[in-house]
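The values are calculated or read from the model by the stated rules, or taken from the named source; none is laboratory data. Everything numeric in this text was worked out from a predicted model, so none of it was measured. In this analysis, Cβ positions are derived from the backbone assuming ideal geometry, glycine residues included, and neighbour counts consider all displayed protein chains. For accessibility, only protein heavy atoms count, side chains too; no ligands or nucleic acids. Shrake-Rupley method; radii C 1.70, N 1.55, O 1.52, S 1.80 Å.
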Amino acid sequence: MSDTIWTPSDVELARRAVRRRQRTVSLVIATVMTALVLGLLGLVLVLSPGWERFSETFLSWGDARASFAAIRDGIWLNIRLFLLCELAILPLALLIAIGRGTRSPWLAPLRVVAVVYTDVVRGIPTILLVVMLGFGVPALQLQGLTNDRIFWAGVALVISYSAYVAEVFRAGIDSVHPSQVASAQALGLGHVRTLRHVVVPQAVRRIVPPLLNDFVSLQKDTALVSAVGVFDAVFAARDYTNYNFNYTPYLVVAGFFVLMTVPLARLTDWLQARVVARERAGAR
Amino acid sequence: MTSLTKDPSQEVELAPLLEVRSLRKAYGDRVVLDDVSLTVAPGDVVCLIGSSGSGKSTLLRCLDLLETVDDGQILFEGDDITDPRVDAKRVRRRMGMVFQAYNLFPHLTVLENCVLAPRRAHGLRSKAARERALELLERFGLAEHAHKHPDRLSGGQQQRAAVVRALCTEPTLLMLDEITAALDPELVGEVLDIVRDLAARGTTMVMATHEMAFARDVATTVCFLEGGRILEQAPPDVMFTDPAHPRTRAFLRRVLG
């Protein structure tokens, strides 16, 4: 028992050496296993009987370069569509989720609408919604409404995804313990303020991973707008393959979509880690 | 399987069950345990006392390998369990831990809480695990609650169930981390009674506690911790009547009023 500055004992130093060795061994095992598995998969691919034909039609560098510009222009549309739809989906979904949770008899119709909306919309394949709205609404020739197919395809995506995201929100809201509501009410907060300041903030933190799941899904489903002849990345790729009988552009599109999703996934991981560090303060 | 009890007639010096040597634990710059040494023989009941933040809980968590230590050693049944090559799971299977906040699994009934570890960690057959759990629940007056979920029980009942859950694996060392601190005063008694009962049966225990009268009653050794160090270590009659260290005296004056 002394107040001198602590220096690790020999036991501790030996322990650290063991841990270092254990880490090195794990690293070696991880590297070798990864290389082995990826190498084997690559080998299976390259040694398959149709490999030559496959690489000509799917892995042609020349075709990738030739189609790149059109696909890049197309993906820009997908990105804009995704961002705008997401902005509309989040508040709409939250409203539907909250509407479902209301208890006031006056709001009964809202509850019914919310339930029917989620049930029906989630039952319809998204591509059908896109086609129905993208071709259907312009065909109605309604005064004052745009006939822009991109717009209506976007609306279809918003309708479809807000139903999914609403259910995610509802699960999050339900997961907040009733004691939280009780203590907010005990402080004199009304229903709306309780939701706004206590329940929803906690719910949102919990549902970040499933929410991201739906975002990524939406990013990819912006490709469905190609079904109504909108010139997005997938349409551009299909256009190219139709003329050149080479499927490499599809791989290019896939690469673009992966590039779009990875930053979003990392961002969410980071956000989540920050919340854990701040709110759970090392609790185990 | 009666490792929990020691024969009272056998008064020979037993090899220590647990030996802590110069333990150190720090979180960043904050040193939580500093040069802590402690020996626990089979049948000992060691009470850790001291104000909150003195390191009692951290010491227990280190003993159960829930925290990695920064220096020093812990020898349990003769093995150095701080060695990184030691399988923490196997060590913990020989120990029992009860937490301040009960930590029962809310999705399982009391009985299911009690048979989980015997079945899934110790490989006991379902029937044997149930029989043992029911016997212990019966002994501690919880038989009628066996099929309820923990949230249906009072705090005292939940904590008793948590003690039973820890006992179901027949640990050689039982650790209790301020198990009455979250309870209403009227419920404290029922929980302490079963700990008293365990002590009388010779269960080896290390417990952090704020219940001084209880510590005086059941402890074989009382340790006073402050600032992460064991300032004084003595049998209860010495500790509570004639403590050596002025800090211990100050602390006891504060808590005993």
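What to note about this one:
- Relative contact order of the stretch A:104-189, defined on C-alpha pairs under 8 angstrom at six or more residues apart (%): 30 percent
- With a 10 Å cut-off around each Cβ of A:6-15, the average count of Cβ atoms from other chains is 5.
- Chain A: most fluctuating residue of A:G62, A:G42, A:G229 per GNM, C-alpha cutoff 10 Å: A:G42
- Accessible surface of the protein assembly as shown, 1.4 Å probe: 60 percent of it comes from carbon and sulfur atoms.
- Partner chain coverage, peptide B:27-38 - average Cβ within 10 angstrom: 1
- Principal axis analysis of the Cα atoms in the stretch A:61-280 yields extents of 69, 49, 27 Å, listed in decreasing size.
- Solvent-accessible surface (1.4 angstrom probe) belonging to B:H210, in square angstrom, nearest 10: 90 Å²
- Distance between the stretch B:126-163 and the stretch B:186-256 - C-alpha centres, whole angstrom: 27 Å
- By the rule of a C-alpha distance below 17 Å, with chain neighbours fewer than 8 residues away ignored, the aspartates and glutamates paired with B:K89 are B:D64, B:E67, B:E77, B:D79, B:D80, B:E170.
- Proximity of backbone amide H atoms, modeled 1.01 Å from N, is registered between B:D71 and B:R24 at under 5 Å, excluding neighbours fewer than 5 places apart on the same chain.
- In the context of the full set of protein chains, the stretch B:132-213 has a per residue accessible area of 38 Å² (1.4 Å probe).
- Surface analysis of the stretch A:61-280 yields an accessible area of 56 Å² per residue, using protein heavy atoms and a 1.4 Å probe.
- Reducing the stretch A:96-166 and the stretch A:192-218 to their Cα centroids gives an inter-centroid distance of 20 Å.
- For B:K127, the lysines whose Cα comes closer than 23 Å to its Cα, not counting residues fewer than 8 places off in the same chain, are B:K148.
- Sequence of A:D148, A:D232, A:D63 from largest to smallest accessible area, 1.4 Å probe: A:D148, A:D63, A:D232
- Estimated FRET transfer efficiency (B:L256, A:V18; beta-carbon r; R0 51 Å; 0.05): 0.65
- The charge dipole of the stretch B:105-171, taken about the Cα centre with unit charges on the Cβ atoms of Lys, Arg (+1) and Asp, Glu (-1), comes to about 180 debye, rounded to the nearest 20.
- Of B:S51, B:A146, B:H210, farthest towards positive along the dipole that unit charges on Lys, Arg, Asp, Glu beta carbons give chain B: B:A146
- For the chain pair A and B, the interface hides roughly 1400 square angstrom of accessible area in total, found with a 1.4 Å probe.
- Only protein heavy atoms count here; on that basis, with a 1.4 Å probe, B:D197 has an accessible area of about 50 Å².
- About the centre of its Cα atoms, the protein assembly as shown shows a dipole size close to 1200 debye [charges on the beta carbon of Lys, Arg (+1) and Asp, Glu (-1) only; nearest 20 debye].
- Beta bridges per DSSP with both ends in the protein assembly as shown, % antiparallel, nearest 5: 55 percent
- Heavy-atom accessible area with a 1.4 Å probe sorts B:L60, A:L128, largest first, into A:L128, B:L60.
- Chain A: DSSP helices with Cα axial extent of at least 27 Å and average Kyte-Doolittle hydropathy no lower than -1.0: A:10-47, A:61-101, A:149-175, A:200-221, A:248-280
- Residue (of A:F169, A:G154, A:W76) at the positive-pole extreme of the stretch A:61-280, dipole from beta-carbon charges: A:F169
- Under the criterion of Cα pairs below 8 Å and six or more residues apart, the relative contact order for chain A equals 27 percent.
- Across A:F245, A:F215, the residue with the most accessible area heads the list, and the full order at a 1.4 Å probe is A:F245, A:F215.
- Placing +1 on the Cβ of every Lys and Arg and -1 on the Cβ of every Asp and Glu, with nothing else charged, gives chain B a dipole about its Cα centre of roughly 740 debye.
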